[in-house]
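Just below is one structure, and these are the notes that go with it.
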Amino acid sequence: MIPIIPEALPPLTSHADGIWLKGDWHLHSRHSTDSSNNPQAKIIGFAERLGFDYLAITDHDVHVQGAVAQHTWADPEFRSDSVLLFYGAELTAARGHINILSAEPYDHQRVFDHRDDRDWNMLALKRELGIHMSANHPSTKNHYGYSFDLADSVEIWNTCVWPKNIPGVRIWDDMLLSGRMLGARGGSDSHHGVPDSPELTVAHSVEATANYVGTPTTWIFAKTRSKEAILQALVQGRASVSANPNNPRVELYADLNGDGAMDMMMGDNVRPTGRAVTFEVRLVGGGIAGASYRVRVIKNRNEFGSFLTDGESRSVQFTDTPNLGERSYYRVEVEGPQAPYAEVPNSMAQSQNMVALSNPLYFNYDPNF
């Protein structure tokens, strides 16, 4: 069924009440056998020291034949007093990889045992278990090969290496253009920790200096500081992704009626009025003092415009009139100098000049599609 243009949409919810939280949705510990020098205590301790709010340690389930509850989750190191830890795993199957995410423990063994089922059976199981399925690295070697109708979110930025994600962003744009409202996130997919002593060094140890917790960082605007609220915001698309936690967070808003007050934020969906809409891009926190950043606006998969922020306000505005009889979406990409990430010093060069990406603002999308 082709998604319809709805005659009416639910009223917008407030974007004044909420909290920005930072974290990483894709990490591997020693329970993934292709990981090294990376116990959960090291991962979680690093995140605690740097003030991260949430983490998803998503070990490969194939290494334990689906028994992540008896390995990753049962590890006494799987705990934190300050970081919210999601229950999850990377479903590792012939058709690709899916991050399974949940606020509470769930029966991952059933998911693993049914990983090769038809997609409609997977969808029924997902709904029964109440879990979140996130499409991992859709354009890389172990790409996401399931239907995107299964996915509650998609990983548009995997690891610190930005260029390899460009095809995946195009796939995301394809899904958005088709009428799907698909929240985007990042994930470091880090596997390796810095060795505690020289004799523990392996061939991949150098990766820990370039790709670790927060490369990239996903910022979530949640109603409360809870795992349930974070997952809800991820599905809604109230999120943006930065190359590292010291870069600015990009926020995208829109003023629908010209009164100077912003009515929409990322993830919101409205019917256009036929009047011009003023969009505002804000870069918040972090970054390089006094630097200008280039903001590329993407509308319906095509570049709409390119704008430079000034070093003081670190914001830009642009206007457009969404068509009354068409679906349209707007999102932004921010390019510029990378903020130093001393704890992961080789990450900045790998991310090149890509600093941050936003989720979209939607017009005329069918929320029930």
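The set of residues in segment 204-260 being crowded, with 23+ Cβ neighbours inside 10 Å, in contact with a Lys or Arg (Cβ under 8 Å, 6 or more places away or on another chain) and polar (S, T, N, Q) consists of 217, 218, 240, 242. For segment 254-276, filtered to residues that are touching a residue at least 60 places away in the same chain (Cβ under 8 Å) and not in a loop (DSSP other than H, G, I, E, B), the residue that is farthest from residue 235 (Cα to Cα) is 254. Residues in segment 312-323 that are in a loop (DSSP other than H, G, I, E, B), open to solvent by 20 Å² or more (accessible area, probe 1.4 Å) and either farther than 23 Å from residue 219 by Cα or touching a Phe, Trp or Tyr at 6+ places or on another chain (Cβ under 9 Å) (or both): 314, 321, 323. Please indicate, with yes or no, whether at least one residue in segment 141-157 is among the basic types (Lys, Arg) and touching an Asp or Glu at 6+ places or on another chain (Cβ under 8 Å). No, because not a single residue in segment 141-157 is among the basic types (Lys, Arg) and touching an Asp or Glu at 6+ places or on another chain (Cβ under 8 Å).
You will find that of 139, 178, the residue that is over 22 Å from residue 52 (Cβ atoms), at pLDDT below 95 and of a type in the set (Gly, Ala, Ser) is 139 and no other.
Annotation note: Cβ proximity below 7 Å between a residue of segment 59-84 that is over 16 Å from residue 113 (Cβ atoms) and part of a loop (DSSP other than H, G, I, E, B) and a residue that is open to solvent by 40 Å² or more (accessible area, probe 1.4 Å) and of a type in the set (Gly, Ala, Ser) (sequence gap 6+ or interchain) occurs for 77/41.
For segment 231-253, a tally of residues being part of a strand (DSSP E or B) and free of Cβ contacts under 8 Å to residues at least 24 places away in the same chain returns 0. State whether the residues of segment 161-169 include one that is out of contact with any Ser or Thr (no Cβ under 8 Å at 6 or more places or on another chain), at positive phi and open to solvent by less than 50 Å² (accessible area, probe 1.4 Å). No, segment 161-169 has no match at all.
The lone criterion from (1) at pLDDT below 95; (2) open to solvent by 10 Å² or more (accessible area, probe 1.4 Å) left unmet by residue 96 is number (2). Residues in segment 142-158 that are open to solvent by less than 20 Å² (accessible area, probe 1.4 Å), at pLDDT 95 or above and in a loop (DSSP other than H, G, I, E, B): 146, 151. Screening the candidates 295, 355 for the property of being without any contact (Cβ under 8 Å) to a residue 60 or more places away in the chain, part of a strand (DSSP E or B), open to solvent by less than 20 Å² (accessible area, probe 1.4 Å) and over 26 Å from residue 5 (Cβ atoms) yields one hit, 295.
Just one residue in the set 279, 304 is part of a strand (DSSP E or B) and open to solvent by less than 50 Å² (accessible area, probe 1.4 Å); that residue is 279.
All but one of (1) of a type in the set (S, T, N, Q); (2) surrounded by fewer than 16 Cβ atoms within 10 Å (Cβ to Cβ); (3) under 24 Å from the mean Cα position of the chain (by Cα) hold for residue 70, so report the exception by its number. Among (1) of a type in the set (S, T, N, Q); (2) surrounded by fewer than 16 Cβ atoms within 10 Å (Cβ to Cβ); (3) under 24 Å from the mean Cα position of the chain (by Cα), residue 70 violates only (3). Would you confirm whether any residue within segment 312-329 is over 30 Å from residue 152 (Cα atoms), among the hydroxyl-bearing types (Ser, Thr, Tyr) and at pLDDT below 95? Yes, that holds for at least one residue. One residue is enough: does segment 327-340 have a residue meeting the conditions of a type in the set (Val, Ile, Thr) and open to solvent by less than 50 Å² (accessible area, probe 1.4 Å)? Yes - at least one qualifying residue is present in segment 327-340.
The values are calculated or read from the model by the stated rules, or taken from the named source; none is laboratory data. Note that the structure is a prediction, hence the values are computed from the model and not measured. When we count neighbours, we look across all protein chains shown, and the Cβ atoms used for this are built from the backbone with ideal geometry, even at glycine. Remember, those area values only see protein heavy atoms, side chains included, never the ligands or the DNA or RNA. Shrake-Rupley method; radii C 1.70, N 1.55, O 1.52, S 1.80 Å.
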